[in-house]
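First comes the structure, then the notes that go with it.
Please treat every number below as a calculation from the coordinates, not as lab data. All figures in this text were calculated on a predicted structure; none of them were measured in a lab. Positions of Cβ are generated from backbone atoms using ideal geometry, with glycine treated the same way; all protein chains shown enter the neighbour counts.
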Amino acid sequence: QQPVQSPQAVILREGEDAVINCSSSKALYSVHWYRQKHGEAPVFLMILLKGGEQKGHEKISASFNEKKQQSSLYLTASQLSYSGTYFCGQGTDSWGKLQFGAGTQVVVTP
Amino acid sequence: SQTIHQWPATLVQPVGSPLSLECTVEGTSNPNLYWYRQAAGRGLQLLFYSVGIGQISSEVPQNLSASRPQDRQFILSSKKLLLSDSGFYLCAWSLTSGRNEQFFGPGTRLTVL
């Protein structure tokens with residue numbers, strides 16, 4: 001079963017903050033976050049691993065609550081370039097297979 | 001540095017025709033390889049993944065198949081396309097193990113008429 005993302009869409013003005021949530025019904029090994037712009041391939045943002053390890057871009061922050069199997073991605077002081085669809089991917093083992101959520105569309109306006 | 005290539009970029013095929021999409025990775029060895037499909041306005045559906053030459057795992061039963069004839073080559077095939085096969089097909093690679101991010105290729109947009 002795929003993870004559930006919320007909200008489905010969000011509209012921000014430049015400089016505003018937003019949080020995107022991702023919930024799973026399974027015990028997770030990892031959570032991955034990607035951003036996809038229209039017609040392009042997804043681009044890696046952040047990976048959060050069971051046990052607390054994280055790696056990703058400096059300007060992106062995220063959290064992973066292992067007890068609740070929930071992850072949140074924080075868009076702080078949003079820029080126009082943050083527009084796109086954000087996907088979370090859940091990994092339940094160490095093999096690297098991911099199940100992706102349906103995505104959250106983010107629109108940042110001037 | 002590593003790069004991933006996919007071709008063709010776009011493809012229009014009639015129902016019932018065969019399909020072959022190719023993906024190659026440069027600059028790394030023994031990567032995990034993945035095929036995803038994305039329907040218009042939807043999320044990413046994992047179709048196949050491979051941890052080595054000749055090792056393919058199928059995630060979704062369908063009329064598609066995948067092969068990995070060489071370490072850095074991943075091929076998606078079909079003998080007879082269905083209308084429902086239309087979509088954006090993405091190949092991705094990662095270093096082995098789930099502790100690593102996946103890097104996506106530019107994708108192939110397939111339209112089945």
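Three principal axis extents describe the C-alpha atoms of the protein assembly as shown; from largest down they are 49, 37, 35 Å. Net charge dipole, the protein assembly as shown: roughly 360 debye, given to the nearest 20, about the Cα centre with Cβ charges of +1 for Lys and Arg and -1 for Asp and Glu.
Comparing B:Gln62, B:Leu47, B:Leu83 along the charge dipole axis of chain B, the residue lying farthest to the positive side is B:Leu83, per the Cβ-charge model.
Taking every DSSP bridge with both residues inside chain A, close to 90 percent are antiparallel. Reported to the nearest whole Å, the Cα centre-to-centre distance from segment B:81-113 to segment B:11-60 is 5.
Within the straight-line cut-off of under 16 Å between alpha carbons, the aspartates and glutamates reachable from A:Lys67 are A:Glu53, sequence neighbours fewer than 8 places apart in one chain being disregarded. What you get for segment A:4-109, charging only the Cβ of Lys and Arg (+1) and of Asp and Glu (-1), is a dipole of about 240 debye around the Cα centre.
Considering only A:Thr76, A:Gly96, A:Gln54, the residue lying farthest towards the positive end of the dipole of chain A is A:Gly96, judged by Cα position with unit charges set on Cβ.
Legend: residue pairs A:Lys26/A:Lys68; A:Lys26/A:Lys50; A:Lys59/A:Lys97, Cα-Cα distance threshold 21 Å; pairs beyond threshold, A:Lys59/A:Lys97. What the Cα atoms of segment A:4-109 give is an Rg and a Dmax of 13.1, 39 Å. Partner shielding of B:82-92 amounts to 1, given as the average count of beta-carbon atoms from other chains within 10 Å of each residue beta-carbon. Among B:Leu95, B:Leu110, B:Asn30, which residue has its Cα positioned farthest towards the positive end of the charge dipole of segment B:3-112, with +1 placed on the Cβ of Lys and Arg, -1 on the Cβ of Asp and Glu, and the dipole taken about the Cα centre? Farthest towards the positive pole: B:Leu110. Shown for segment B:35-113 is the translational diffusion coefficient from the Stokes-Einstein equation, using the Kirkwood radius over Cα pairs, a temperature of 4 °C and a viscosity of 1.567 mPa s: 97 µm²/s.
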